[in-house]
Structures are given as structure tokens and as C-alpha cells.
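All remarks here apply to the structure that follows.
The values are calculated or read from the model by the stated rules, or taken from the named source; none is laboratory data. Model, not experiment: these values are computed from the prediction. Accessible surface is based on the protein model in full, side chains and every heavy atom, while ligands, DNA and RNA are left aside. Shrake-Rupley method; radii C 1.70, N 1.55, O 1.52, S 1.80 Å.
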Amino acid sequence: MHSLIPTSSSAFAPSHSLFRPTRPPTSARPFSIQCSYRYDPLTYPNAVGPSRADWQSSCAILSSQAQIISQEDPQSQSQSQSQSPAADHIPSLNGHNTTLENLNLVPIQTLHDSTALKPQPKPLSITDLSPAPMHGSKLRVAYQGVPGAYSEAAAGKAYPDCDAIPCDQFEVAFQSVELWIADRAVLPVENSLGGSIHRNYDLLLRHKLHIVGEVQLPVHHCLLALPGVRKEYLTRVISHPQALAQCEHTLTKLGLNVTREAVDDTAGAAEFVSINNLRDTGAIASARAAELYGLDILANEIQDDSGNVTRFVMLAREPIIPRTDRPFKTSIVFAHEKGTSVLFKVLSAFAFRNISLTKIESRPHRSHPIRVEDGANAGTAKHFEYLFYVDFEASMAEPRAQNALAEVQEFTSFLRVLGSYPMDMTPWSPSRED
């Protein structure tokens, strides 16, 4: 992860060197390891084309204990071996020098074998984080929740035809990408009604993933219940805390005298009602969740405002190549040992260069949450310490963005670029009726 992006866009250029070791390990059947550069751009609206992240995600290398799985015709293997007789050593993979003897190769039948990872009925948990099967032709995208969650819909909008992998926690989604179980993660960071999802801001700093894109998803909440249950019979409504907050006034207008309880996610609430046959409990979730878990929709579009939109970010192990031929956004986080006194100077670095800020978020500095100052005559003062997350509309390929961050670095003790990525410019409708 960069503390500051270099002042030349060439620093982002991906490595085009391909490795193809062909000498088989001792006393083992022949194998061939092949990595290819992806020239087919991702099919979401703001794709930036081939990048280092796309190239690496096509390789089946799971960290330093990877299982690289491939199989090639023995005849073509022998021909390739004759062309490259001295291929005992492979270039460094993920910072680890690797030889063919310790790659621990495992054969499989085909790329589309029945053992390939498929959508799971239950989400990944901490105990499930282990080396995964070989990458197939589709991207594997992790999201928090169960099938039917809004995060699953966001993953499908960001990466059409992807293999969506549910995770029971936000942190599991981060770890699944770091451990090569998934190629990308799509996670929410803010909602137009509920505000920021602070947990994911904290995890962005804790993990070394890069933001490679964003997607904005209109959220349409529905009140769900078991078939035959009328809303007057409900005594309890469960959902994610954000969904409950976004529907607070509408639930009151419906005349429902119900207890509102928070659960981990919206689709999980629908699943809970269905599995436990709770005829006195409703769930706030999507229409897709109602279809998946056999529930009826008692009320549609129950969010308090029709313009209810959640912004998601796409995360990858490697950054993409910034460009200037389309609108880009850059996300950074910074802090200063002297507290918030330099905030105006930092923001002026963007204002003087006509760079628009789209978001600024403060979070407690967990390493140094409180700063104590002793004055000779004024006594002792305690101040909270903060980290500041800033999104601004500029690409790191632009000199003005590079110069702005060079100036910001002079005023801060810590600066990290979380990602420079295409903005989501796709139109959306505030409500289904529109």
C-alpha cells in the first residue's frame, strides 16, 4: 500500500512479463503453470480495461501457501520442456521466492469441474478461510450477508455474471480477498439516509486492499412476512439497523405497533423469519429476498425517502491504472500528530487546485485516541485524535492530484491512498414507480 502515489502515472504500469515454468517436479506427473494477461475488459459500466489486478486475479496463487492447479496435454508439455530446459526457479510470487518443488501442485479434471466453487447456501465464516479451488472464467466477488442481500445486488451490478460469495462478516469479505478465496469484494461505505458505515472505514485502514471502483445502488425496502400473515398480526419487525432507520417513519405511518429488532443483514432477517416459521414477525428486506425465502410482500417501497441510495466500493489486492479519459475519484486517509489544527491547510491544498471533495469522514485514531497537552499556566488539556478519510474528484494520473497530495504530505504525519478509481456515472431512478 502506498503512503503517497508517485508523481508519474507510469508507476502504475502493470508487469507484462509472463512466467511459464515447464520442468516437472521430481517423481510427479508433468504440470504446466501458465498466467495470461486479461485483455477482455470487465463488463461493468465504468470498466477501465486490463490492469495489474485483473492479471493477478487470473492466477491461481493463494498467498505463500498457494495451490496452483493446472493440467496440460503431456505431449505439448514435453515440447514446452524442450524449449525451456532450465526452469527450476520461478520469479518471486507475492514476495516469496518459489521453486517448483514447493508449489504443491494438485491436478484437476477441467477448469469447469463440478468441484469448482459455487454459490453457497450459508455465508463464509472465519473458520472457512482456507485455500480455495482454482479460479474459473468468472470473477469471484465476496459480499457481506446471505443471498438476497442488497450487497449481492451491488456485486452483480459491479461485476455482471460474477460468482457472488456470501460472507457472514465484513472482515471475512476483506480476508477472503487477501487469501485469494475471492477476486474482489463489494462492500457498502455510506447510505444517503443512514450515513456512513463506520465499520468498513476502519477495515479499509486495517487491511491492505485497494479500492478499484464504486457502484451506487438504489435501495427499495419491502415489509415481508410468511404467506397468509397480515401486517396487523405482526408484533415484531427485524432487519439491519440501517434498514430499520431508513424505514422508521413509514412503519409509524402504517399504524404498526411493533417492536423493532436489529439483525446482521436484511436478507438474513427474511431467512430467519422463514426458517423459524415466525408468524408474528415481519422482516424489512428486498423483493428478491421475499422470492428466495418464500415470503409475501405486505408493503412495498417503505423507505422514508425515495432517493435511498447506498454507495459500495469494490476492493482488490492490487490497484488499477489511473486514467484521465473518464471521471475518476481518489480516496485517501491521513492524520497529524498535532490533531485537527492542520485540517484547513490540508483542505486548502485541494481548493487551490480546483479539486472538488465529495466526502470527508473523521474516525477516532485507535493507536492514539487522546492527546494530552500540559500548559505552564493553563493546566492539562485533553484532545481527541482523529483520522480523516477524504474522497475527491480527480485521478492520480493528473498532475494536480499528485501535487495536491505532495502538499498534503507536508502537513500530515500519516497519509495513505486507498485507491484511485472510476466514478459510478450510471443513471438511477429514485423509485420503481418513476
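Tabulated data
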quantity	calculated
In sequence order, calculated HN-Hα J values of region 278-284 (Karplus, 6.51, -1.76, 1.60; Hz; x Gly/Pro)	8, 8, 9, 10, x, 10, 9
Contour excess over end-to-end distance, with Cα ends at residue 262 and residue 325 and 0.36 nm allotted per residue	18.3 nm
Amide H contacts of residue 213 (H built 1.01 Å from N, under 5 Å, at least 5 apart or other chain)	314
Computed accessible area, residue 232, all protein chains, 1.4 angstrom probe, square angstrom	110
Surface per residue (accessible, 1.4 Å probe) for region 142-220, Å²	26
Rounded to the nearest 10 Å², the accessible area of residue 122 at probe 1.4 Å	110
